[in-house]
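The values are calculated or read from the model by the stated rules, or taken from the named source; none is laboratory data. None of the values given here were measured: they were computed from a predicted structure. All Cβ positions, glycine included, derive from the backbone under ideal geometry; neighbour counts span all protein chains shown.
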Amino acid sequence: MIEIRKLDDEIEMWRTRAERSTQPLSKAPGGGGCNDPYPHIMDKIGEVEDVRNKKIAELGNVELALASLTPRESSIMRARYIEGKTWFEIAEEAHYTDRHVRRIHSSALVKLERCPLMSGSSVLL
């Protein structure tokens, strides 16, 4: 989710730049021409949107894969990779030691590596 939010912010930044840029009407002086940033900006928006859409699709697979874990494993994986929490934050909230949280995490990773939904996904693995 954090990564998708960052991509949303980047798309918004590029859209703002596009609004500030004027699309050339002619090659006449002041009309833009070869140095016009507008086409580059629009290409960049398309590239970032493609990455964002891929991440959203992967996140759907991740949610399905997390459902195959125990509630404790799923909660730790979601906190770490979707919510972006640190190991210390997760341990503190779960009332576990940092070491115990990492053991649960390791166990969950082994299960997810076997999960066909996670094939080719870089979100968690």
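Just to check your reading of the model, which residue among Leu112, Leu117, Leu69 is modelled with pLDDT of 90 or more and surrounded by 14 or more Cβ atoms within 10 Å (Cβ to Cβ)?
Matching residue, one of Leu112, Leu117, Leu69: Leu69.
Starting from residues that are β-branched (Val, Ile, Thr) and modelled with pLDDT under 85, keep the ones in the range 1-40 and report whichever is nearest to Arg80 (Cα to Cα).
Within the range 1-40, the match that is nearest to Arg80 (Cα to Cα) is Ile2.
Restrict the check to the range 44-56 and report whether at least one residue is modelled with pLDDT of 85 or more, out of contact with any strand residue (DSSP E or B) (no Cβ under 6 Å at 6 or more places or on another chain), surrounded by 17 or more Cβ atoms within 10 Å (Cβ to Cβ) and more than 30 Å from Glu113 (Cα to Cα).
Checking the range 44-56: at least one residue is modelled with pLDDT of 85 or more, out of contact with any strand residue (DSSP E or B) (no Cβ under 6 Å at 6 or more places or on another chain), surrounded by 17 or more Cβ atoms within 10 Å (Cβ to Cβ) and more than 30 Å from Glu113 (Cα to Cα).
Taking the condition of being outside the structural domain of Arg5 (by TED's automatic domain parsing), part of a helix (DSSP H, G or I) and in contact (Cβ under 8 Å) with a residue 60 or more places away in the chain, how many residues in the range 40-96 meet it?
The total comes to 1.
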